[in-house]
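What follows is a short report on a single structure.
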Amino acid sequence: MENIAYYNGKVSSIEDMTIPMNERSSYFGDGVYDAMFTVDHVPLQLDDHLRRFYRSAKRIDIDIPMPFEELRAMVLDFCRRIDSPDAMAYVQTTRGVGMRGHAYRFAGGTPSLWVWVKPDMLDPMDRSYKCITMEDTRYLHCDIKTINLLPAVIYTQRAEEAGCDETILHRGERVTECAHSNVHILKDGVFKTAPCDNLILPGITRAHRIAQCREMGIPVVEEPFTLEEMMNADEVFFTSASALCCRIEEIDGKKVGGRDAELIARIQKAAWDEALAEVKAING
Ligand code: PLP
């Protein structure tokens, strides 16, 4: 099959699934989500993504109506059942369905659970990417993976209009993250990345790149960096579930990085090797 979806006990194709009008996702964006990408039908870092999903839900007082192991099995099963070996797997929970009213008591008592898997591809690491920058005017809970993504929609649209791939966000001089990824720099052999506070999403891919760099003896500094530092860095790259380690070559029309090709290539190789090892661990 081409794709597959689950919503509150129903299974169908994504196109055939219908959602009640009173879903609180549509009135309030009252929910959280997580997303993974597959290689050879295996969702990368599935456990980490699902753990973050349960954590995000707890942060907004939602009890996901399915135990971790059952959801894990469903995601794995869906990834295996669709035709495409390369796919995006998505999980979402919302406070539920009920007549519109802001307080939780209108939500009907049973949270909703959404799962779908559709064909998609990792962003290739053998090309470089172009970005724009924009002031980060999002709210102050960027560490929660909310489904309220209007800022990300607008930032992404602006990048597309500029013929670019991603938007790098900054609060004043301080670089935070991107519209849908984390951004990092290499300078004098050191991997520098913004700390995990309320201004960024603690990316699973970010954490894996940090752990791998530490294992490889590459120093990692989790401290804020400025726009100027980024523009003068040896390399600039972004990470997300779909971008294991993607090199940025141009920001706001100016060439950046390109001064430590060897180190970025090592990090990219380690990222891909880790993905292949994970696939092998599950597929044999
Ligand atoms: N930051 C934002 C705002 C995101 O939306 C994402 C991913 O969707 C990330 C960072 C990267 O997180 P992860 O590596 O867990 O996909």
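The values are calculated or read from the model by the stated rules, or taken from the named source; none is laboratory data. Keep in mind it's a predicted model, so treat the numbers as computed, not measured. Backbone-built Cβ (ideal geometry, glycine too); neighbour counts: all protein chains shown.
Return the residues of the range 161-174 that are surrounded by fewer than 16 Cβ atoms within 10 Å (Cβ to Cβ) and either closer than 13 Å to MET134 by Cβ or within 14 Å of the ligand (Cβ to nearest atom) (or both); say none if nothing qualifies.
GLU161, ALA162, ARG171, GLY172
Filter the range 175-186 down to residues that are within 15 Å of the chain's Cα centre (by Cα) and of a type in the set (Val, Ile, Thr) and give me whichever is surrounded by the most Cβ atoms within 10 Å (Cβ to Cβ).
The extreme case among them is VAL183.
Go through (1) in a strand (DSSP E or B); (2) of a type outside the set (Val, Ile, Thr); (3) within 10 Å of the ligand (Cβ to nearest atom); (4) in contact with a helix residue (DSSP H, G or I) (Cβ under 8 Å, 6 or more places away or on another chain) and name the single condition GLU177 misses.
(4)
Within the group ASP86, ASP63, ASP123, which residue is touching an Asp or Glu at 6+ places or on another chain (Cβ under 7 Å) and charged (D, E, K, R)?
Just a single option satisfies the conditions, and that option is ASP86.
Just the residues that are closer than 15 Å to ILE19 by Cβ and part of a loop (DSSP other than H, G, I, E, B), please, taken from the range 101-139.
Hits for the range 101-139 are GLY108, THR110, PRO111.
Going by the structure shown, is ASP63 assigned by TED's automatic domain parsing to the domain that holds THR239 and part of a loop (DSSP other than H, G, I, E, B)?
no
Suppose we keep only residues that are out of contact with any Cys (no Cβ under 9 Å at 6 or more places or on another chain) and under 18 Å from MET134 (Cα atoms) within the range 194-228. Which one would you say is farthest from the ligand (Cβ to nearest atom)?
So the residue we want is GLU228.
(1) surrounded by fewer than 21 Cβ atoms within 10 Å (Cβ to Cβ); (2) closer than 19 Å to ARG51 by Cα: which one isn't true of ARG209, the others all being true?
(1)
In this structure, does GLY257 turn out to be modelled with pLDDT under 95 and either surrounded by 15 or more Cβ atoms within 10 Å (Cβ to Cβ) or within 30 Å of PRO85 (Cα to Cα) (or both)?
No; evaluated as a whole, the condition is false for this residue.
Specify the residue that is farthest from VAL97 (Cα to Cα); the eligible residues are those in the range 19-51 that are of a type in the set (Phe, Trp, Tyr) and within 16 Å of the ligand (Cβ to nearest atom).
Restricting to residues being of a type in the set (Phe, Trp, Tyr) and within 16 Å of the ligand (Cβ to nearest atom), the top hit is PHE37.
Here's a check for you: in the range 41-64, which residue that is exposed (fewer than 15 other Cβ atoms within 10 Å of the Cβ) and more than 19 Å from the chain's Cα centre (by Cα) is nearest to ALA275 (Cα to Cα)?
Ranking the candidates gives ASP63 first.
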